[in-house]
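Participant: Let me begin by handing over the structure; questions about it come next.
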Amino acid sequence: MSRILLIEDHPSLGGTIAEYLRRAGHAVDLATTLASARSLLADVGFDLVLLDLGLPDGDGLDFLRQRPSPAPVLVLTARGALNDRIEGLDRGAEDYLVKPFALEELAARCRTILRRAARLQRAQVQLGRLSFDAATEALEAGNARFDLARRERQLLTALMLRPGKVCTRQYLETQLYDQSEPVGPNALETAMSRLRAQLDRHDCGVEVRTIRGVGYLLEASRDASTN
């Protein structure tokens, strides 16, 4: 599941786009100003940004110029003149879609950009006996492929992309839940407990350590590291 930031100040349109993309399997956060978008980008790792240009606290082109995030940007705007499209692409947008547009086309363009970005990421992460393909989210323990439930897969993905590094609770929660989801106080612990059970079941040779008061750390287990 990809994490998308939608920057759109029109409440009806923003809500419609966000809901459509969520039904398509993405986690979507909605920002109505550039200031709130920058705040989210400071805390969350997004895979794609959908950017309206006419925002109440500035022009989206300023966002493209400053590029506060490495995530690819798809511009969504009513500015459809040739010069506007050229300027948006020259400022760094990966794609440019003129309003009004069909939601199906938007979803297709998102898939194209995300596939392209996935190919540029590290293809595979190996830790213990566990291997993880960042592009396909395929998991293998030794040579045996296995699958996880959606929430545990999201959690393991977040941990595997930062192997050997402490992942804070805030980081993990933002990777698992978007702003529209109610999150209970023990939701992360419950998901982590299920993930640990699955890692043991499949003999992955990794363990998740709890760093008290901070978060969690995924590392190779001692048995795996000595084999």
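The values are calculated or read from the model by the stated rules, or taken from the named source; none is laboratory data. In this text the structure is predicted, and so the values were computed from the model without any measurement. Cβ atoms come from the backbone with ideal geometry, glycine included; neighbour counts cover every protein chain shown. These accessible areas exclude ligands, DNA and RNA; they are computed on the full protein's heavy atoms, side chains included. Shrake-Rupley method; radii C 1.70, N 1.55, O 1.52, S 1.80 Å.
Participant: Only one residue in Asp43, Asp52 is touching a helix residue (DSSP H, G or I) at 6+ places or on another chain (Cβ under 9 Å), among the charged types (D, E, K, R) and modelled with pLDDT of 90 or more. Which one?
Facilitator: Asp52
Participant: For the range 13-27, give me each residue that is under 12 Å from the mean Cα position of the chain (by Cα) and open to solvent by less than 10 Å² (accessible area, probe 1.4 Å). Lay out the reasoning, then the answer.
Facilitator: Initially, the range 13-27 is screened for residues under 12 Å from the mean Cα position of the chain (by Cα), giving 25-27.
Once the filter is applied, which keeps residues that are under 12 Å from the mean Cα position of the chain (by Cα) and open to solvent by less than 10 Å² (accessible area, probe 1.4 Å), the range 13-27 yields only Ala27.
Participant: Report, by residue number, each residue of the range 29-59 that is under 20 Å from Leu161 (Cα atoms) and either touching a residue at least 60 places away in the same chain (Cβ under 8 Å) or in contact with a Cys (Cβ under 7 Å, 6 or more places away or on another chain) (or both).
Facilitator: Asp43, Val44, Gly45, Asp47, Leu48
Participant: Taking interchain pairs and intrachain pairs at least six residues apart, which have beta carbon atoms under 7 angstrom, with the first residue in the range 181-197 and over 23 Å from Glu19 (Cα atoms) and the second among the aromatic types (Phe, Trp, Tyr) and open to solvent by less than 30 Å² (accessible area, probe 1.4 Å)?
Facilitator: Final answer for the pair search is Met192/Tyr216.
Participant: Enumerate the helices (runs of 4 or more DSSP H) found wholly within the range 28-136, keeping only those where 2 or more residues are under 15 Å from the mean Cα position of the chain (by Cα). Can you show your working first?
Facilitator: Values: elements: 34-43, 60-66, 82-90, 103-120.
Hits in the range 28-136: 34-43, 103-120.
Participant: Also, quick follow-up: Out of the helices (runs of 4 or more DSSP H) lying entirely within the range 148-225, which hold 1 or more residues that are modelled with pLDDT of 95 or more and among the aliphatic types (A, V, I, L, M)? Working first, answer last.
Facilitator: Details: elements: 150-160, 169-176, 187-201.
Correct list: 187-201.
The rows are residues; the columns are (1) in contact with a strand residue (DSSP E or B) (Cβ under 6 Å, 6 or more places away or on another chain); (2) surrounded by 12 or more Cβ atoms within 10 Å (Cβ to Cβ).
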| site | (1), (2) |
| --- | --- |
| Phe46 | yes, yes |
| Pro56 | no, no |
| Leu64 | no, yes |
| Arg79 | no, yes |
| Asp84 | no, yes |
| Leu130 | yes, yes |
